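A short worksheet on the structure shown next.
Read-outs throughout are calculated quantities, based only on the coordinates presented, and are distinct from any laboratory measurement. Remember, it's a predicted structure, so these values are computed and weren't measured experimentally. Backbone-built Cβ (ideal geometry, glycine too); neighbour counts: all protein chains shown.
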Amino acid sequence: MSMTVNPLSPVLGAEVTGLDLSQPLGENLFSEVRQSWLEAGGLLVISGQRLTTAQHIEFSSRFGPLFGAPGEMALQETVSRYLHPDHPEIYRVSNQVMDGEPQGRAKAGNYWHSDVSFKERPAAASILRAIKVPAVGGDTLFANMTAAYEALSEAMKEMLAPLHAVHDFAQTAATQFAKPIVVEDDLKGANRAVHPVVRTHPETGRKGLYVNPGMTVRLEGFEADESEALLGFLFGHATQHQFIYRHRWRQGDVVIWDNRSLMHCAVCNYGDQPRYMERTTGIGDQPV
């Protein structure tokens, strides 16, 4: 088995062909996959895959420990009803309902965010597998936070260097989740973390912005209006077109993104067309 890697855009992403992830990848080949992922800015599309849920988990675990795996922390109490009933490592994204029970989270992630940035050890690799996709719509946007940081002035970089920001799940819970499934502990600071505004990637050594509109609520040490203004500038700066890749999903796509250097946003413009996807989420390091 050999793979071919082609860039998807000038700023971010690459597509791999020639792989069959249902078959075991040797260490050398997997190392090529991981290196290609990092070199593509943390976004790799592996198309044409037919995986079982167990194979998806097995492949994902090679990137590191997974939320929901035996002995590891759970992803999030508020999404427990959307986890796979037999595989808690799998978070289901779907607008389908069977016997009155959602088969996944509808309109999941339709705001700019980095997965579970409100945890002390937020997500590293998220791996989303497209099982059923709408004929049109349902794209996902990815923003390259390393490129966004590198485009800032030296004066702005110097100002941001010592700053820390509060990431709080309560903001997301209040706006993105139906109230009946928000548990009390989620609003007591149990899912709140403070991270540096500028994060150094533990594998590439490159610096990038680590703030996002969905979960970053304020900058430490600033008045509310000051914090809002500076965060607003950073959010607007990072979501300019030159930093974004838009992925149009195809059935069988496996997309691996790096939450340590990207944020993303789902485009929920497909109406009632059926959509079903499964995602694993890797546990990352504490940001520095």
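Some notes on this structure:
- Chain lengthening between S61 and E158 when straightened (0.36 nm per residue, less Cα-Cα): 31.2 nm
- Sequence-distant residues sharing a close amide H with R105 (under 5 Å, placed H): R92, V93, S94
- With N counted as the residues of the chain, its alpha-carbon radius of gyration over 2.2 N^0.38 Å works out to 0.97.
- Pairwise FRET efficiency - E220 versus R248, Cβ, R0 = 45 Å, nearest 0.05: 0.70
- Summed residue charge, Cβ within 15 Å of E228's Cβ, Lys/Arg positive, Asp/Glu negative: -4
- ³J(HN,Hα) computed for each position of the stretch 20-36 - Karplus, 6.51 cos²θ - 1.76 cosθ + 1.60, integer Hz, glycine/proline x: 10, 6, 6, 9, x, 9, x, 4, 5, 5, 5, 4, 5, 4, 5, 5, 5
- Aspartates and glutamates whose Cα lies under 20 Å from that of K132, excluding same-chain neighbours fewer than 8 positions away: E15, D20, D86, E89, D99, E101, D253, D272, E278
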